[in-house]
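Single-structure report; data block below.
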Amino acid sequence: MSSFRNIIPIGSLILGIILAVTLHFNFPLQTVISEPWTLLGIPLIVFGILQFGFSVSHFVRHKTDIRPSGKPTSLIMSGPFRYTRNPIYLANIIVLLGVCLLLGSVASFIVIPLYFIIVNSFIVPFEEEMLVSVFTERYQEYKKRVRRWL
């Protein structure tokens, strides 16, 4: 599972989208959302992409490693990190929700809880251990102030 943790956040999003599309076309089961309602996925995708970019820009601005396996050099607590400790993964979930809405089939929606479970159970705890080891009490205080998701 450690190799899965090394997938950068954009990689996990791409894998999620591929899985949603694959499930939709190979196991459509039932359409639960039909046009024009499927178009509601577009603003979610746009919002998620913007949130992703805004969050990544904080890594660039603080000159710290975005890779889950990389060693952080800065604890980011500004921008979207004031409201959630995982704005990139949250943005990915928003994009995946938008994609699933566009597809409209039950099968595609399976990806969202699956993505959340994997990220929340295997990736985020690994990242948090790294942050505790580097930033110790500063990160513990941040964890008390800011929730993991929302």
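Read the figures in this text as sums done on the coordinates, not as results from a lab. Fair warning: this is a prediction, and the values are worked out from it, not measured in the lab. Don't worry about glycine lacking a Cβ; one is built from the backbone with ideal geometry, like all the others, and counts go over all protein chains shown.
Helical runs (DSSP H, four residues minimum) scored at -39500 (n - 2.57) apiece and divided by the length of the chain put the mean residue ellipticity at 222 nm at -20000 deg cm²/dmol. For region 63-77, backbone nitrogen atoms closer than 18 Å to the point 7 Å from K144 Cα along Cα-to-C-beta are found at 77.
So if I take the centroid of the Cα atoms in region 12-36 and the same for region 84-150, what is the distance between those two points in Å? Result: 20 Å between the Cα centres.
Note on region 12-64: semi-axes of the ellipsoid equivalent to its C-alpha gyration tensor, largest first and rounded to whole Å, are 30, 15, 5. Extension gain, S34 to V21: 0.36 nm times the residue separation minus the Cα-Cα distance gives 3.1 nm. Evaluated over the Cα positions of the chain, the convex hull gives a direction-averaged projected area, one quarter of its surface, of 8.8 nm². Here the dipole of region 1-121 is about 560 debye; that uses its Cα centre as origin and unit charges on the Cβ of Lys and Arg (positive) and Asp and Glu (negative).
When only Cα pairs under 8 Å and 6 or more residues apart are kept, what is the percent relative contact order across the chain? Relative CO of the chain lands at 37 percent.
The trypsin sites (Lys or Arg not before Pro) found in region 1-70 that occupy coil by DSSP, while having at most 15 further C-beta atoms within 10 Å, are K63. With point charges of +1 on the Cβ of Lys and Arg and -1 on the Cβ of Asp and Glu, referenced to the Cα centre of region 70-150, which listed residue (I76, L131, L103) lies farthest in the positive direction of the dipole? Toward the positive end, the furthest listed residue is I76.
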